[in-house]
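The values are calculated or read from the model by the stated rules, or taken from the named source; none is laboratory data. Quantities reported herein were computed from a predicted structural model and do not represent experimental measurements. We place every Cβ from the backbone using ideal geometry, glycine too, and count neighbours over all the protein chains shown. Calculation scope for accessible area: heavy atoms of the full protein, side chains included, ligands and nucleic acids excluded. Shrake-Rupley method; radii C 1.70, N 1.55, O 1.52, S 1.80 Å.
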Amino acid sequence: MGELMETRKLDARIPSGPIEDQWDKLRFEMKLVNPANRRKHKIIVVGAGLAGAAASATLGQQGYHVHCFSYHDTPRRAHSIAAQGGINAAKNYRNDGDSIDRLFKDTVKGGDFRAREANVYRLAQISVHIIDQCVAQGVPFAREYGGLLDTRSFGGVQVQRTFYARGQTGQQLLLGAYQALQEQVAAGTVTMHTRCELVDVVIVDGRARGIITRNLMTGELERHAADVVVLATGGYSNAFYLSTNAKASNCTAIWRAHRRGALFGNPCYTQIHPTCIPLSSEYQSKLTLMSESLRNDGRVWVPKRKADHRPAKDIPENERDYYLENRYPSFGNLVPRDVASRNAKEVCDEGRGVGPHGQGVYLDFADAIHRLGLPTVRDKYGNLFEIYQRITGEDAYEVPMRIYPAPHYTMGGLWVDYHLMTTITGLFAGGEANFSDHGANRLGASALMQGLADGYFVLPYTVPDYIASNPLEAVSVSHPAFAAAEADVKDRFRALLSVKGKRSPDSFHKELGRIVWDECGMARSDAGLRKALEEIPRLREEFWHDLRVVGGMEELNQALEKANRVSDFLELAELMCRDALDRAESCGGHFRVESQTPDGEAKRDDANFSYVAAWEWTGRSETPPLHKEPLAFEHVPLSQRSYK
Ligand SMILES: Cc1cc2nc3c(=O)[nH]c(=O)nc-3n(C[C@H](O)[C@H](O)[C@H](O)COP(=O)(O)OP(=O)(O)OC[C@H]3O[C@@H](n4cnc5c(N)ncnc54)[C@H](O)[C@@H]3O)c2cc1C
């Protein structure tokens, strides 16, 4: 093993003073690097999605020497491109009562009081700048007839603060960030390394000073040294195998950092999105999201009777159960995701689900088409209806869509302080890769907001402050720590190739996904999690005895790439279940069946669980130590969430 980082004390480094002034105060107190000195510093950014591209472009523009890495063939293929529905900002263009304070409170409440207040407040403050930045870049946000930016609603809020570009918001935002990145590539401040996968983080004298990558085209291992390393490598929903994430999304970068000493925050906080196309066959390898924006106009319902197999059009109004509108009259179809998902599962478990396997509920646009007219509905959601039609063969303008919850987003990730630094000094994490500002449940359209806040506005202050405040000796890739890390990686890849068993990496991934979905998905129980904690190590054991990876190491080898990623998922999944078992309360997307209110809502236990769980890696077979960052709620008083 190479050098392991000694864990820093869990100090969130929240600035003192009133919450509204904390970020401004810190920015003023931060140290600066003289423009002429910036080019002497090298920064590694891993990830070129929204968070990574935004950070690389901005740090490059400031004059630092940035090396940006992505396993994709171009930054434009980062998973961010898939984001559909929109991005939140407290602009209050609608004059409907929005404000920074309201966005802050909605987010803390939406996350079921498990996020750090100071970070969320900063996020709400920065949200307004993101829209200006993106408009200046030419991002074509939807506009009203008069030319003003249009907005719509997302779940868990009662204002219209979501800016969007049809159902392609992520794509348009990523193109904006990509242009900014390419401008810096042309200016020579950013060097792009595509098809290059981080396979380890290198620690020198207790600080992150570089990475080991594998060139995916040649298999060659490469060493890269820098003053700072930033991870913006996305989320880990593919631990479930089936998810709405891009197939390639994986946890290797953050898991490798975790194994080197970065504490992992709230691994069990995962989001199951209510609005996805239901699974149609056992052989499926991917699930597709139907954006939450559809719940602005679509009405969710199931038949009142069990096993009612009549076509939707033959079920009269009085035999339909618009269960979200009935149970949550204030928020109706726009309740937050965790609430909508749990309710969908409940009605399906009761035998009232629709579609071939009974694992679906209707999302019906008949009323919206009647009220707004077909052209308006087509304008707002056209591409989503087209996606649905291509996948299911059904025309959702004529028959209701069928939807069912699916793994979608991970609120857990590397623990970071207010500066977005992990517990490894000099290692930062942004975007979905960090444990983020969303607590136990992310509100719709808030991931893009957080990823861009981190990339355009937070890291470009905190990373230079770190550089200016810490005398960093030059480190070269010939340092023994690089050789040791590279040797570890080689051993690992050799081990994967030498098992020579019978099963493909995918078959293990699929089996793992089934365990995690069944026991650590929408509902979690003490008994189920204990079962998973027996099954996952057993499966991992089998992986290392019966895995088959064809081909060799020093060549393009997608089976080897996959095997390496699955081996990390097999470790992370265990931590997810351990964290879920340890947190014997329900909160947000983490629903422990033993902890519910009389009407079946998530019941928190603030006296015992009002903390961020930050887990330490000590080796595969040991029970990992748990560190706790206590959470204080001084501005949004703790209360039982109610969307009724
Ligand atoms: C279908 C879908 C729709 C969504 N819609 C919305 C929405 O409307 N609004 C909203 O707010 N959020 C939405 N989200 C969530 C949001 O899209 C993501 O949280 C966000 O885009 C993540 O951005 P990121 O920059 O953190 O990571 P990503 O976009 O996932 O980028 C990760 C980058 O890291 C690189 N990378 C990863 N690992 C390595 C490695 N080991 N080595 C080298 N490179 C690596 C990848 O190549 C990539 O460049 C949606 C998510 C999904 C799945």
Checking the cross-link filter: which lysines have an alpha carbon closer than 25 Å to that of K345, excluding same-chain neighbours under 8 positions apart? K109, K247, K286, K304, K306, K313, K510, K531, K603, K644
Counting other C-beta atoms within 10 Å, and keeping those with at most 16, which DSSP coil GluC sites (Glu not before Pro) do you find in segment 297-405? E394, E398
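Hey, what does the equivalent ellipsoid look like for segment 1-116, semi-axes from the Cα gyration tensor as sqrt of 5 times each eigenvalue, largest first, whole Å? Display every interim value, and only then the final one.
Working: eigenvalues 177, 108, 71 Å².
Taking √(5λ) for each eigenvalue gives 30, 23, 19 Å, largest first.
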Where nothing but the Cβ of Lys and Arg (+1) and of Asp and Glu (-1) is charged, how large is the charge dipole of segment 274-406 around its Cα centre, in debye to the nearest 20? 160 debye
Mind checking which of V190, M30, F569 is farthest towards the positive end of the chain's charge dipole, using Cβ charges of +1 (Lys, Arg) and -1 (Asp, Glu) about the Cα centre? V190
Surrounding net charge for S476, when Lys and Arg each add one and Asp and Glu each subtract one, Cβ distance under 12 Å: +2
For the chain, what size does the Cα cloud have along each of its three principal axes, sorted from largest down, in whole Å? 74, 58, 48
Mean separation of Cα contacts under 8 Å, 6 or more apart, over the residue count of segment 274-406: relative contact order %: 35 percent
How big is the accessible area of M522 in square angstrom, nearest 10, if you roll a 1.4 angstrom probe over the protein chains? 10 Å²
Å² per residue, accessible surface of segment 274-406 at 1.4 Å: 44 Å²
Please report the accessible area of T376 (heavy atoms, 1.4 Å probe, ligands and nucleic acids excluded) in Å², nearest 10. 60 Å²
Dipole moment magnitude, nearest 20 debye, the chain about Cα centre, only Lys, Arg, Asp, Glu C-beta charged: 600 debye
Built amide H within the under 5 Å cut-off of V202, gap 5+: R209, G210, I211, I212
Just flag the GluC sites (Glu not before Pro) in segment 532-563 sitting in loop per DSSP whose Cβ has no more than 14 other Cβ atoms within 10 Å. E554, E555
Within 14 Å, Cβ to Cβ, of E432, how many net charges do the neighbouring residues add up to if Lys/Arg are +1 and Asp/Glu are -1? -1
Highest average packing first - 590-599, 70-79, Cβ atoms within 10 Å: 70-79, 590-599
Rounded to the nearest 10 Å², the accessible area of D338 using a 1.4 Å probe with every protein chain kept is 10 Å²
Would you mind counting up the charge near T194? Only other residues with Cβ under 12 Å from its Cβ, with Lys and Arg at +1 and Asp and Glu at -1. +1
Once a ≥ b ≥ c are taken as the square roots of the eigenvalues of the Cα gyration tensor of segment 597-644, is the result rounded (a/c under 1.5), prolate (a/b larger than b/c) or oblate (a/b not larger than b/c)? oblate
How much space per residue, in cubic angstrom, does the convex hull of the C-alpha atoms of segment 274-406 take up? 106 Å³
I need to check one value: relative contact order of segment 353-398, counting alpha carbon pairs closer than 8 Å and at least 6 residues apart, in percent. 30 percent
Any chance you could list P(r) for segment 516-619, counting all Cα-Cα pairs in 5 angstrom bins from zero, rounded to whole %? 2, 11, 19, 17, 16, 12, 9, 7, 5, 2, 1, 0
Under the definition of Cα pairs under 8 Å and six or more residues apart, what whole-number percent is the relative contact order of the chain? 21 percent
Using θ = phi - 60° and the Karplus curve 6.51 cos²θ - 1.76 cosθ + 1.60, what whole-Hz ³J(HN,Hα) does each residue of segment 414-420 get, with Gly and Pro shown as x? 5, 5, 10, 8, 4, 7, 6
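Return the loop-located GluC sites (Glu not before Pro) in segment 466-515 (DSSP other than H, G, I, E, B) with at most 10 other Cβ atoms within 10 Å of their own Cβ; answer none if there are none.
Here the GluC sites (Glu not before Pro) that fit, given the DSSP loop and packing criteria, are E473.
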